[in-house]
Amino acid sequence: MIELGVLALRLALAGAIYAAIAATVGARLRRSDVVGSSRAAAYVVQALVVLAAAVLLRALLQHDFSLEYVAAYSSSTLPTQYTVAALWGGQQGSLLFWVLILTSMSSLVHLQNRHRNEALMPYVTTTLMTTAVFFLGLLVFVTDPFQRLPVAAREGADLNPLLQNYWMMIHPPSLYLGYVGCSVPFAFAIAALASGRLGDVWIRTTRRWTLFAWFFLTVGNLLGARWAYEVLGWGGYWAWDPVENAAFMPWLACTAFLHSVMIQEKRDMLKMWNMVLVLLTFTLTIFGTFLTRSGVVSSVHSFTQSGLGPFFIGFLVTVITVSVTLLVVRRPLLRSDNEIDSFLSREAAFLFNNLLLVGIAFATFWGTVFPVISEAVRGIKITVGPPFFNKVNAPLGLALLFMTGVGPVIAWRRASARNLRRSFTTPLAMGFAAGVVLFALGVRHYYAIISFSLAGFVLTTISLEFYRGTRARQALMGEPPATALAHLVNKNRRRYGGYIVHVGVVMAFIGIAASSAFRIEEQRTMRSGESIEVGGYTLTYKGLRHTDTPHVASMLAEMEVARGDRVIATMFPEKRFYKRQQQPTTEVALRMTWREDLYLVLGSYDDQSGLMTLQVFINPLVVWIWLGGILMVLGTVIVVMPTAAEQRALAAALAVEERGLAAWSQ
């Protein structure tokens, strides 16, 4: 079976090389039969990669410790769900999982477009298969997942204990789906540039793929934050870690594209800018993969030192060179037919929104790579920590939050004074009132006051949009309020689904602002039976419990939690010791409410004295971040659902393209 996996990867590499070459040759020679063979080869490549992944997964589940990868990332005592997660828990397996997603998406793209986009699809095939060639080449020649040990190990080293968490079952796959999903709009963008067909077809064709990628980038980042919150035991959810930043930057660029592409659809503007954003998003996904796998940065999220860095740098340089060359060659075709008429318009608001998103991405990029550049040039290792990122990105984030309330409701082309008064008088008043109330309540943290004021402003603008739309439909159709609202959203899914996403973003801002400004942190040393008061809670230490399994030994501190005279919970912060890795980990005890999280960490325990060290964090409104994420997911699902109007628009754009394909087909 192992030899079958090796053979499958080698054949997949050969098939991907053939598909990339045949697609290009077929397009240049206008040979539809050659193009068809490249499409068939892409299907075969996917089948071979599926086979290789199945072989590796089988080896993991059967504990075949003759394989170096299985011995390094699993053990006979590892629970089954984490044995499955080991498929993407190590360097080689994660690359195989990556190319599995890439080739599967490639097959789906070919199925969707087997009867349309004939001029674009050969170049789409070339781009996707060239990317697959890179990853398959690494797996075949550099980091073989099927490498055997000289002598089979008697037992595996086990999966990293930090990865033995239920969030790790879904966080990496979600993030990989987002990363690899960006390959599809990138491939169509390259195809549009290569073929010279730079109308709206490639954008309309890839709209849902872009939303798909953004959706999973969002989910992946949120799940990663939740994993860090529950596993690392430091009381926070985001530390501006280099690998966290690597996942955040493509999300920013993809968000910018989703906003600015609406301007191209409505006003036929920003063609060059939109193309740059698509190419930038994919480039940042490759850069993020480089950071994770090169070993140039130190992170709890990254893989160990490896020799993959130069290969990723080479591929990154190739992607940038090809992209810039095509942009320069096609620049005349990317000129916009219209210009921004006024800075008081939706076009200008979306452009400012884009500049802020790209500004945050650049600041994050610079803060991430500066230590690497400093060490390479001066030999001095410099750490750029959260203070830098917070100082630079917090003001930009607040400005972005403001634009979230302005962009969707201001008029296209040029906003009149009447439109501005109607749209913003009440929201501005509500935002100002929120700030005044907070100040009157004694809040003096100015970032928190600004954040909550802007949140009030944005939520009011969105609420008014739903209210006015519902009332207008009631007046027109005579429907009850709930029915009118449901039909309003259903008929305008893109618009109102976007509003729901924005509500989720505002809720996340509220949670971030509150947990940053009003967090309480204390560390106490206690004996059994003692109580402490922290933030209105009475915590009583009842003693220790011990559990032991062949895989892990645990020590739990029993903490009784009371408010006033009422006991509200019993919590068990825990220390675990994983026997294979000989590594301790922290398992936090967490009590979540809509108001605040009580977060307990067992720091240490001394057997002789019986003293236990407890860290207590009270994090206000953190649950709003996770609820905001749920709303973002819900809004995206609504936006992705097709409407008749969008289908008609795509059909019309395809019809225009088809009229220009007669010569190519012949």
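The values are calculated or read from the model by the stated rules, or taken from the named source; none is laboratory data. In this text the structure is predicted, and so the values were computed from the model without any measurement. Note that each Cβ is placed from the backbone with ideal geometry, even for glycine, and that neighbours are counted across all protein chains shown.
Worth a mention:
- Residue check for Ser74: farther than 23 Å from Tyr176 by Cβ, assigned by TED's automatic domain parsing to the domain that holds Leu138 and small (Gly, Ala, Ser): no
- Scanning region 304-344 for residues that are assigned to a loop (DSSP other than H, G, I, E, B), hydroxyl-bearing (Ser, Thr, Tyr) and at pLDDT 90 or above turns up nothing.
- Residue check, Val45 farther than 30 Å from Gly156 by Cβ and surrounded by 23 or more Cβ atoms within 10 Å (Cβ to Cβ): yes
- Scanning region 347-394 for residues that are surrounded by 18 or more Cβ atoms within 10 Å (Cβ to Cβ), of a type in the set (S, T, N, Q) and out of contact with any His (no Cβ under 9 Å at 6 or more places or on another chain) turns up Thr364, Thr368, Asn393.
- Taking the criterion of being assigned to a loop (DSSP other than H, G, I, E, B) and of a type outside the set (A, V, I, L, M), the residues of region 183-219 that qualify are Gly196, Arg197, Gly199, Asp200.
- Count - residues of region 404-435 that are surrounded by 12 or more Cβ atoms within 10 Å (Cβ to Cβ), hydrophobic (A, V, I, L, M, F, W, C) and part of a helix (DSSP H, G or I): 9
- Looking across region 129-182, the residues that are over 14 Å from the mean Cα position of the chain (by Cα), hydroxyl-bearing (Ser, Thr, Tyr) and assigned to a helix (DSSP H, G or I) come down to Thr130, Thr131, Tyr166.
- Residue check: Ala213 meets all listed conditions (1) buried (at least 24 other Cβ atoms within 10 Å of the Cβ); (2) closer than 20 Å to Leu356 by Cβ but one, namely (2).
- Yes/no for His63 being modelled with pLDDT of 95 or more, assigned to a loop (DSSP other than H, G, I, E, B) and either of a type outside the set (S, T, N, Q) or closer than 26 Å to Ser195 by Cβ (or both): yes
So that you can scan it fast, the table gives a plain yes or no per residue for (1) over 18 Å from Leu598 (Cα atoms); (2) at pLDDT below 95:
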{"position": "Arg527", "(1), (2)": "yes, yes"}
{"position": "Gly535", "(1), (2)": "no, yes"}
{"position": "Thr538", "(1), (2)": "no, no"}
{"position": "Tyr541", "(1), (2)": "no, no"}
{"position": "Arg545", "(1), (2)": "yes, yes"}
{"position": "Val552", "(1), (2)": "yes, yes"}
{"position": "Val561", "(1), (2)": "no, no"}
{"position": "Asp565", "(1), (2)": "no, yes"}
{"position": "Pro573", "(1), (2)": "no, no"}
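- Exactly one residue out of Thr368, Thr325 is within 21 Å of Val276 (Cβ to Cβ), in contact (Cβ under 8 Å) with a residue 12 or more places away in the chain and among the polar types (S, T, N, Q): that is Thr368.
- You will find that of Gln583, Gln608, Gln666, Gln615, the residue that is more than 30 Å from Ala508 (Cβ to Cβ), surrounded by 13 or more Cβ atoms within 10 Å (Cβ to Cβ) and either modelled with pLDDT under 95 or not β-branched (Val, Ile, Thr) (or both) is Gln583 and no other.
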